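Nothing in this text is a laboratory measurement; each read-out follows from the coordinates by a stated rule. Only a predicted model underlies this, so the values are computations on that prediction, with no experimental measurement involved. Quick reminder, even Gly has a Cβ in these numbers, built from the backbone with ideal geometry, and neighbours come from all protein chains shown.
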Amino acid sequence: MTTAPPSAQVASDEEKKTKRLSDKLPDKTLLKWLRDMMLIREFETRTMQAYSNAQIGGFCHVYTGQEACAVGTIGSVEHDDPVITAYRDHGHALARGMDPKFCMAEMYGKITGCAKGKGGSMHMFDKPNHLYGGHGIVGAQTPLGAGLAFATRYEREVMEATDKKRVCLCYLGDGALNQGALHEAMNLAGLLDLPVIYIVENNGYSMGTSIARGTTMADDLLKKSDAYGIDGIEIDGMDIRDIYDEFKPFADDLRDRQRPGFVNLITYRYHGHSMSDPQKYRTKDEVKEFQERDSIDVLAKHLMEDRDCLSEDEYKEMQKELRAEVREAVKFAEDSEFPDVEAELYSDVFLNPMAGLSPSHDYPIGEENPILEEAEEKDDSED
Ligand SMILES: Cc1ncc(C[n+]2csc(CCOP(=O)(O)OP(=O)(O)O)c2C)c(N)n1
Ligand SMILES: [Mg+2]
C-alpha cells in the first residue's frame with residue numbers, strides 16, 4: 001500500500017500558455033470570483049475565531065484553501081441549476097449567493113439563520129439560490145443529487161413546467177468515494193441518464209486518512225466513474241481559471257446530452273479536518289506546498305499583472321470592505337435570538353400537507369424562514 005502524500009504538481013506552465021476559454025471572460029466576472037473567494041476566506045477566519053470563543057457549537061469544518069472549487073464550478077453553471085454538498089458547506093452557500101449574515105447566524109444557532117438555527121454549520125440550505133444543503137452523513141447527499149437531477153428532467157419532460165435543461169452539481173469529499181450510496185447513485189444516474197455531476201473535492205484526506213491509504217486506484221479515480229459508463233475529468237482545483245476552462249465545456253456538454261459526469265477536483269484544505277484536529281498525519285511542508293499556489297493569490301496576480309484590471313490599492317480596499325461585511329454578519333448573529341423551543345421544536349420537521357390528517361397539525365408553527373421571507377418581500381416589491 002502506498003502512503004504517498006497528495007501532490008501539488010499539476011498542469012505545466014507550458015500547457016497553460018495556450019489560449020484559454022477563461023481569457024474570453026470579462027474582467028468583471030473574474031473580479032467577482034476574486035471577491036467571492038476572499039469573502040469565503042474572511043468568513044472562515046471569523047468562523048474559527050467564533051468557534052474558539054465557544055460562540056459556535058457542534059461540528060464545524062472550514063473551507064479555507066478550497067475556495068476556487070465552489071466559486072469556479074458554481075460560476076460555470078446557471079443560477080437555477082441545483083447544488084447539493086456535504087458538511088464543509090459554508091463556501092458553497094456563499095458562492096451560491098447566500099447572505100453571509102444568514103450563514104453566520106445559522107452557525108450561531110440563531111433563529112435568523114438559513115435553517116432557523118436548527119441545522120448549524122453542516123446544514124446550509126437556501127432554496128431561492130437552489131442550494132439543497134449541507135449534509136452531515138458522508139455520502140448521503142449523493143443519491144439526493146441523483147434525485148435532484150431526476151426532478152429537473154421530470155419538471156421538463158413530464159410536467160412541462162420548463163423547457164430548460166438543467167444539471168445538478170453534487171459535491172463530495174474524497175472520503176465519500178467508498179460509501180455504497182455513491183455507487184448506487186452513480187449506477188442509477190448512468191442507467192437513467194440523470195444530469196448530475198459528481199464533483200469530488202479531492203483534498204487528499206478524509207478525517208486523517210490519506211486517500212492513498214483508504215481508497216483503491218487513488219491515482220486514477222476516473223476508473224470508478226468509467227465503471228458506470230459516466231464521463232470523468234480531472235481538474236486542478238487551486239486555479240479557478242483552470243476550473244472554468246475545463247469544467248464549463250464539460251458541464252455544458254452534459255447539460256446538452258442530459259448525462260451524468262464525474263470530476264476529480266484536486267484541492268487542499270489549509271486547516272484541520274474540523275476544529276478539533278491536531279493534524280498529525282501531514283507535514284507543515286506539504287501544507288506550505290499548496291499554500292504557495294493559493295487560489296486567491298494566483299487570481300489576484302493574474303488580474304494585476306496580466307489583465308491589468310486591479311491595483312494593489314483596489315485589492316486592499318476590497319479586503320477592507322469584506323472584513324466589514326463579515327464583521328456585520330457576526331454582529332447580526334450575535335444580536336439575534338435563539339429559536340423558541342416551544343414553537344420551533346416540531347415545526348419544519350414533517351410536512352403535513354393535509355391539516356387534520358395526523359396529530360402533527362396541532363404542533364405550533366414556528367417563525368417563517370428568514371431566507372424565504374426575504375425572497376417573498378423581493379418578489380412583492382418587483383410585482
Ligand atoms: C457515514 C459516515 N461515516 C463517518 C462519518 C464521520 N466523518 C465525518 S467527516 C469524515 C471524513 C470525510 O472526508 P472527505 O469525504 O474526504 O471530506 P473532507 O472532510 O475532506 O471535506 C468522516 C469519516 C460520517 N459523518 N458519516
Ligand atoms: Mg477529503
For the pair residue 257/residue 155, report the inter-label distance in nm, with labels modelled 7 Å from Cα in the Cβ direction. 2.4
Figure the gain on full extension for residue 380 and residue 291 (residue separation times 0.36 nm, minus the Cα-Cα span) and round it to one decimal in nm. 27.5 nm
Förster radius 22 Å - calculated FRET efficiency between residue 331 and residue 308, Cβ distance, rounded to 0.05: 0.05
In the structure shown, do any of 288/331; 28/127; 127/378; 32/288; 116/320; 110/316 have a Cα-Cα gap over 24 Å, and if so which? 288/331; 28/127; 32/288; 116/320; 110/316
Output the DSSP H helices from the chain with an along-axis C-alpha extent of no less than 15 Å and a mean Kyte-Doolittle hydropathy no less than 0.5. 180-192
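Given 37 °C and 0.692 mPa s, how large is the Stokes-Einstein diffusion coefficient of the chain in µm²/s, with Rh as the Kirkwood radius over Cα pairs?
My calculation gives 151 µm²/s for D.
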Simple spin-label estimate for residue 346 and residue 317 in nanometres, 7 Å along Cα-Cβ: 5.6
With a ≥ b ≥ c from the Cα gyration tensor eigenvalues, square-rooted, and the rule rounded for a/c under 1.5, otherwise prolate when a/b > b/c and oblate otherwise, region 123-189 is oblate
Dipole of region 168-284 [Lys/Arg +1, Asp/Glu -1 at C-beta], most positive-end residue of 262, 186, 279: 279
Could you tell me which of 221, 95, 18 has its Cα farthest along the dipole of the chain towards the positive end, charges placed at Cβ (Lys, Arg +1; Asp, Glu -1), taken about the Cα centre? 221
Dipole of the chain, Cα-centred, from +1 at each Lys and Arg C-beta and -1 at each Asp and Glu C-beta, to the nearest 20 debye? 1180
Determine the percent antiparallel among the DSSP beta bridges restricted to the chain, to the nearest 5. 10
Taking R0 as 22 Å, what's the FRET efficiency between residue 192 and residue 137 from their Cβ-Cβ distance, rounded to 0.05? 0.40
Dipole magnitude of region 234-339, debye to nearest 20 (Cβ charges: Lys/Arg +1, Asp/Glu -1, about Cα centre): 480
Once all Cα-Cα distances of region 231-302 are split into 10 Å bins that start at 0, what whole-number percent is in each one? 17, 36, 29, 16, 2
Give me the tail of P(r) for region 84-219 as a percent: Cα-Cα pairs with distance above 23 Å. 40
Given the rule -39500 (n - 2.57) for each run of at least 4 DSSP H residues, summed and divided by the residues of the chain, what is its mean residue ellipticity at 222 nm, to the nearest 500 deg cm²/dmol? -12500 deg cm²/dmol
